[in-house]
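Step one of this worksheet: look at the structure below.
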Amino acid sequence: MAGLEIDIDHLFQAELGSRFVHVRHPGDENLIHQSRRDEGAGAALAHLSGHGFLVYKFASEGGAVTSFVHAAIAPAFWARHTDFGLREHGGICYRLEMPAHGAARRLLVIFSSMSQVDQMYEAGFSARYFMRNLSQAPKYTPPDTAILRIADLGGVVGAFYTDTLAQPDNEARVSALIAKVMADLAVDPRYTVLYGTSKGASGALLHSLRTGLKAVCVEPILSDDYYVNRYRDSHFTRGLFPRDKRELFAAHLSADGPGAERVVVYSSRSPQLPYIRDIAMDSPRGREMAFIDVQSPTIMDHPDVAPASLGLQVSLVNQMLCGVEVGAHQLDALRASNAA
């Protein structure tokens with residue numbers, strides 16, 4: 001692919017006007033992997049990411065080369081080079097799965113979680129930015145449900161569906177895509193549900209607060225602190241976002257906004273509990289939300305919460321898709337059934 005080809009040592013003095021940048025560097029892994037243990041690789045990655053470039057390819061024949069594409073053209077570039085039905089609208093990549101028979105009357109919007117550990121730092125977009133959670137959703141939901149899967153293209157391993165310094169209108173474009181699909185399908189907001197786990201739950205909650213749509217959010221990440229301090233910024237959030245997620249969510253959860261039915265599934269066995277409690281539960285809008293603590297003995301860490309609560313998630317999603325309110329008595333029963 002044409003573009004700027006450059007050695008890593010000359011990168012910081014180069015003009016980055018090209019749509020593509022191909023960086024030659026030592027080692028046998030892409031710059032994302034290498035940046036986790038090599039300061040020089042980390043500085044190069046941060047420099048390019050700060051200028052809006054995203055890693056999309058790695059080659060090692062004849063020497064290691066990590067290739068970047070600018071975020072301004074990345075969505076159309078990615079959609080054009082995939083064969084699994086990925087589309088692009090307004091700079092947001094997505095896949096729309098329609099009902100097998102008949103028109104869609106309901107819409108489930110799925111926000112991708114962080115990829116699995118062995119894929120999170122891979123060079124390819126599809127491995128990092130598009131985790132297809134709830135892969136069997138058509139079997140779990142009413143047959144007239146369309147499923148909108150939104151890719152999290154941005155940052156190094158994802159933008160958490162928020163604005164970044166390089167993409168300052170990302171949130172607005174994500175919300176606009178949801179509104180467009182709802183309008184195109186003529187789906188009533190009463191039968192639309194936003195859903196996600198972990199990073200995807202952050203996106204589902206944020207865009208529910210923005211749009212007033214119903215949401216089921218499983219262990220949303222509401223602050224960067226844990227992954228910055230414990231795992232040396234494993235999500236690559238430092239220097240790439242206009243504000244920490246703690247500040248972002250605190251602002252949304254304390255400001256006036258459209259009301260909606262929102263359920264947060266979490267676990268007091270997870271290290272995310274302090275952030276969910278302090279940022280969401282104790283906030284003005286958080287007091288209008290429902291929280292269900294899952295106490296399964298299989299939960300040892302944050303990633304365990306989603307698989308341990310799958311049945312609960314599907315139940316909540318289906319009830320909301322059908323326009324049935326999740327009432328106080330049902331919430332009491334669900335909390336009791338998921339207690340230790």
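Here are the numbers for the structure shown:
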{"read-out": "Residue, most open to solvent (accessible area, probe 1.4 Å), within segment 179-218, restricted to residues that are charged (D, E, K, R) and in a helix (DSSP H, G or I)", "value": "R190"}
{"read-out": "Of all residues making up segment 298-313, the number that are open to solvent by 60 Å² or more (accessible area, probe 1.4 Å) and in contact (Cβ under 8 Å) with a residue 60 or more places away in the chain", "value": "1"}
{"read-out": "All strands (runs of 3 or more DSSP E) inside segment 80-156 with 2 or more residues being open to solvent by 20 Å² or more (accessible area, probe 1.4 Å) and not basic (K, R)", "value": "87-89, 92-97"}
{"read-out": "Scope segment 23-51; condition assigned to a loop (DSSP other than H, G, I, E, B) and open to solvent by less than 60 Å² (accessible area, probe 1.4 Å); matching residues", "value": "G27, E29, N30, R36"}
{"read-out": "Subset of segment 219-265 (residues that are outside any loop (DSSP other than H, G, I, E, B), open to solvent by less than 60 Å² (accessible area, probe 1.4 Å) and free of Cβ contacts under 8 Å to residues at least 12 places away in the same chain)", "value": "Y227, V228, A251"}
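The values are calculated or read from the model by the stated rules, or taken from the named source; none is laboratory data. Keep in mind that what you see is a predicted model, and the values were worked out from it rather than measured. Backbone-built Cβ (ideal geometry, glycine too); neighbour counts: all protein chains shown. Protein only, heavy atoms only, side chains kept; ligands, DNA and RNA dropped before computing areas. Shrake-Rupley method; radii C 1.70, N 1.55, O 1.52, S 1.80 Å.
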